[in-house]
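Reviewing the structure listed below.
The values are calculated or read from the model by the stated rules, or taken from the named source; none is laboratory data. Bear in mind the structure is a predicted one, so any value in this text is a computation, not a measurement. Ideal geometry is used to build each Cβ from the backbone, glycine not excepted, and the neighbour counts take in all protein chains shown.
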Ligand SMILES: Nc1ncnc2c1ncn2[C@@H]1O[C@H](COP(=O)(O)OP(=O)(O)OP(=O)(O)O)[C@@H](O)[C@H]1O
Ligand SMILES: [Mg+2]
């Protein structure tokens with residue numbers, strides 16, 4: 001009995017890992033197989049010959065790099081917006097007392113509870129009125145609106161963990177409010193800012209629905225919609241190219257994630273512990 | 001010139017009144033202690049002076065200039081926070097140097113000042129550590145160092161020695177007194193430790209329930225307490241207070257007469273209920289004539305003995321006798337009180353003192369609840 005428990009636990013954990021990892025592995029394997037091997041039955045687990053031809057085609061013959069650049073601009077700018085606005089908002093919600101502060105905070109969260117589909121059409125009409133339809137900027141604004149509420153709450157819980165006297169001490173020591181923020185609050189908030197930034201970047205990088213509705217010009221399409229419309233048509237799916245594109249799309253996230261992983265996990269635990 | 005004046009200052013947090021009618025006039029270069037039990041409003045007073053909290057009404061001025069609307073950094077003050085408030089990501093050296101950095105002092109001048117403050121506080125070996133790697137007492141000294149590195153107009157110290165061991169505390173007490181003498185700057189020192197207040201301050205503001213009970217020299221606070229709260233707060237053990245009645249030239253406790261000198265008290269003293277106050281050291285324990293009592297406890301501290309005595313009506317008082325004195329528990333004794341050392345108070349919860357030998361400067365009776 002004593003031995004059974006850890007064995008079962010291990011089996012369970014590893015099946016979970018397998019379940020999650022299999023599509024990823026299959027994606028990578030497929031992207032490396034030559035066209036001739038793709039649909040062979042039974043499938044080959046390890047490609048008989050490895051080829052980078054799909055990657056080469058993707059980069060040289062398709063607008064993949066343009067989509068990639070659009071996505072980078074989109075996700076980066078959104079992240080900057082969200083972190084800047086979120087930090088200022090969280091600072092205000094935590095440090096200043098004013099009427100309706102709590103209501104405001106709840107209201108912000110409430111918008112997060114609305115399904116994004118509900119907001120898409122009004123947002124689209126708004127963008128048209130503003131003359132922003134079919135621009136990358138409209139997508140940046142849209143992504144900012146849906147990432148900001150959560151970011152605000154995340155940053156707020158981080159901010160609440162910073163003792164007010166730290167800032168007071170800096171003020172007494174001769175710092176301005178902005179100086180105190182830069183010298184004292186910001187370094188303390190950095191883990192929170194990094195996890196918020198990661199969260200926002202991933203959200204924006206993977207977002208599909210808004211990109212589909214708000215932007216229909218190929219010139220400003222991000223990776224998600226761009227790759228889809230390029231490789232998937234009603235008659236044909238370019239599997240090998242699609243898999244190569246998917247690998248390249250995941251790459252930036254994996255790299256960033258690997259480097260900042262410890263910050264991110266501390267961010268997800270933030271609401272609980274204050275200190 | 002940096003005197004500090006609180007004029008009719010009130011402070012409430014929502015409906016909670018933290019300070020009521022606070023009037024303090026602190027002279028230039030004076031060392032003033034704010035002394036009182038936890039929650040009496042000491043930190044709030046200091047924070048308002050620093051500009052971190054704002055009075056609900058009233059006026060605060062430093063050096064003749066009203067500072068109600070002046071930013072903390074512009075008041076030329078330094079402060080030790082009760083919570084230390086050390087910057088966690090900076091080293092000890094950077095923490096201490098921060099106020100200098102913010103005032104544009106650079107390079108060697110800054111390093112030298114930091115070193116001097118660190119040496120004074122015996123922190124020299126710790127300059128490269130982060131606050132997290134320090135003990136509580138070391139952190140507190142860093143907080144002190146950050147305040148002492150500059151020479152501001154006013155030093156605000158919120159329980160700066162509370163976390164030090166006895167030896168370091170008495171060393172720091174002496175250092176602070178010396179520093180104050182050398183710099184001649186105004187210091188406002190918050191503490192709930194009466195020994196610190198009595199030994200360091202030129203004047204003490206005893207606070208309780210959001211009121212200043214008495215603002216006077218340590219001598220006056222001890223010998224002429226303005227009311228029952230101050231009498232009961234100062235001294236270890238504090239002044240005995242016994243309820244009874246005044247009848248002619250006597251104070252009657254449970255049917256026994258203690259002679260008093262009526263001429264030593266104000267005209268407000270009428271026959272009737274009052275409270276007698278007497279310090280433990282003004283009670284002599286003998287036999288024969290006197291107020292009868294029974295010894296209940298004798299605690300020998302080495303250089304003196306604190307005796308707990310039970311009066312005929314079961315009330316207990318304490319007396320201080322020399323250590324060599326042998327007293328047995330249960331032993332009946334007779335107490336004699338020196339008439340010159342008897343204080344009389346009004347028979348209210350925080351009754352004012354009725355002795356004639358003084359006119360307390362700022363006596364505000366406690367709100368009766
Ligand atoms: N921000 C606040 N909101 C509400 N009440 C407060 C606030 N700050 C202080 N108080 C209340 O005001 C009173 C005085 O607080 P203060 O911190 O000045 O006490 P203190 O004399 O410094 O006590 P201690 O010796 O424990 O430090 C306390 O009853 C406290 O609960
Ligand atoms: Mg306090």
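Just so you know, in segment B:63-79 the residues that are in contact with a strand residue (DSSP E or B) (Cβ under 9 Å, 6 or more places away or on another chain) and surrounded by 19 or more Cβ atoms within 10 Å (Cβ to Cβ) include one that is farthest from the other protein chains (Cβ to nearest Cβ), and it is B:67. Looking across segment A:155-172 at every residue that is free of Cβ contacts under 8 Å to residues at least 60 places away in the same chain and in a helix (DSSP H, G or I), the one that is farthest from the other protein chains (Cβ to nearest Cβ) is identified as A:170. Give me the pairs: first residue in segment B:134-159 and over 13 Å from residue B:86 (Cβ atoms), second residue in a strand (DSSP E or B) and within 16 Å of ligand 1 (Cβ to nearest atom), beta-carbon distance under 6 Å, and six or more apart or on different chains, which are they? Every condition considered, the pairs that remain are B:156/B:79; B:156/B:188; B:157/B:80; B:157/B:189; B:158/B:80; B:158/B:190; B:159/B:190; B:159/B:191.
Have a look at B:52, B:46, B:19, B:34 and point out the one that is under 30 Å from residue B:214 (Cα atoms), assigned to a helix (DSSP H, G or I), in the same structural domain as residue B:192 (by TED's automatic domain parsing) and within 16 Å of ligand 1 (Cβ to nearest atom). Every option except B:46 fails the conditions. Scanning segment A:181-232 for residues that are under 18 Å from the mean Cα position of the chain (by Cα) and part of a loop (DSSP other than H, G, I, E, B) gives A:207, A:208, A:221, A:222. Taken over segment B:202-211, the criterion of being within 11 Å of the chain's Cα centre (by Cα) and either within 16 Å of ligand 1 (Cβ to nearest atom) or farther than 24 Å from residue B:50 by Cα (or both) is satisfied by B:204, B:205, B:206, B:207, B:208. Restricted to segment B:262-289, and to residues that are assigned to a loop (DSSP other than H, G, I, E, B) and at pLDDT 90 or above, which residue is farthest from residue B:251 (Cα to Cα)? In this case the residue turns out to be B:279.
Residues in segment B:194-248 that are closer than 22 Å to residue B:23 by Cα and without any contact (Cβ under 8 Å) to a residue 40 or more places away in the chain: B:198, B:217, B:218, B:219, B:221, B:222, B:230. Among the conditions (1) within 11 Å of chain A (Cβ to nearest Cβ); (2) out of contact with any helix residue (DSSP H, G or I) (no Cβ under 6 Å at 6 or more places or on another chain); (3) closer than 22 Å to residue B:188 by Cα; (4) surrounded by fewer than 21 Cβ atoms within 10 Å (Cβ to Cβ), residue B:53 misses just one, which is (2).
Can you confirm whether residue B:61 is in contact (Cβ under 8 Å) with a residue 40 or more places away in the chain, within 11 Å of ligand 1 (Cβ to nearest atom) and not in a loop (DSSP other than H, G, I, E, B)? Judged against the criteria, residue B:61 is not a match. Does any residue of segment B:115-124 turn out to be within 9 Å of chain A (Cβ to nearest Cβ), under 33 Å from the mean Cα position of the chain (by Cα), surrounded by 20 or more Cβ atoms within 10 Å (Cβ to Cβ) and not in a loop (DSSP other than H, G, I, E, B)? Looking for residues that are within 9 Å of chain A (Cβ to nearest Cβ), under 33 Å from the mean Cα position of the chain (by Cα), surrounded by 20 or more Cβ atoms within 10 Å (Cβ to Cβ) and not in a loop (DSSP other than H, G, I, E, B), one finds none in segment B:115-124, hence no. Which residue, of B:166, B:197, is more than 14 Å from chain A (Cβ to nearest Cβ) and within 16 Å of ligand 1 (Cβ to nearest atom)? After applying the criteria, what remains is B:197. Before we move on, is residue A:176 within 14 Å of chain B (Cβ to nearest Cβ) and farther than 21 Å from residue A:86 by Cβ? Yes, satisfied.
When you go through A:103, A:111, A:87 one by one, which is the residue that is touching a residue at least 24 places away in the same chain (Cβ under 8 Å) and either loosely packed, with under 14 Cβ neighbours inside 10 Å or closer than 30 Å to residue A:217 by Cα (or both)?
Every option except A:111 fails the conditions.
Do we find a residue being within 16 Å of ligand 2 (Cβ to nearest atom) and within 14 Å of chain A (Cβ to nearest Cβ) anywhere in segment B:28-42? Scanning segment B:28-42, I find no residue that is within 16 Å of ligand 2 (Cβ to nearest atom) and within 14 Å of chain A (Cβ to nearest Cβ), so the answer is no. Look at (1) part of a loop (DSSP other than H, G, I, E, B); (2) modelled with pLDDT of 85 or more and you find that residue A:39 fails only one, number (2).
If you check B:140, B:82, which single one turns out to be within 14 Å of chain A (Cβ to nearest Cβ), within 16 Å of ligand 2 (Cβ to nearest atom) and either surrounded by fewer than 16 Cβ atoms within 10 Å (Cβ to Cβ) or outside any loop (DSSP other than H, G, I, E, B) (or both)? After ruling out the rest, the residue left standing is B:140.
Across segment A:191-201, a minimum of one residue is classified as surrounded by fewer than 19 Cβ atoms within 10 Å (Cβ to Cβ) and within 14 Å of chain B (Cβ to nearest Cβ).
Of the residues that sit in segment B:156-171 and are under 24 Å from residue B:45 (Cα atoms) and part of a loop (DSSP other than H, G, I, E, B), which one is farthest from ligand 2 (Cβ to nearest atom)? Once the filter is applied, the top-ranked residue is B:164.
Considering segment A:233-243, and only residues there that are touching a helix residue (DSSP H, G or I) at 6+ places or on another chain (Cβ under 6 Å) and assigned to a helix (DSSP H, G or I), the residue that is nearest to residue A:139 (Cα to Cα) turns out to be A:242. Among the residues of segment B:85-98, those that are more than 28 Å from the chain's Cα centre (by Cα) and within 8 Å of another protein chain (Cβ to nearest Cβ) comprise B:87, B:88, B:89, B:98.
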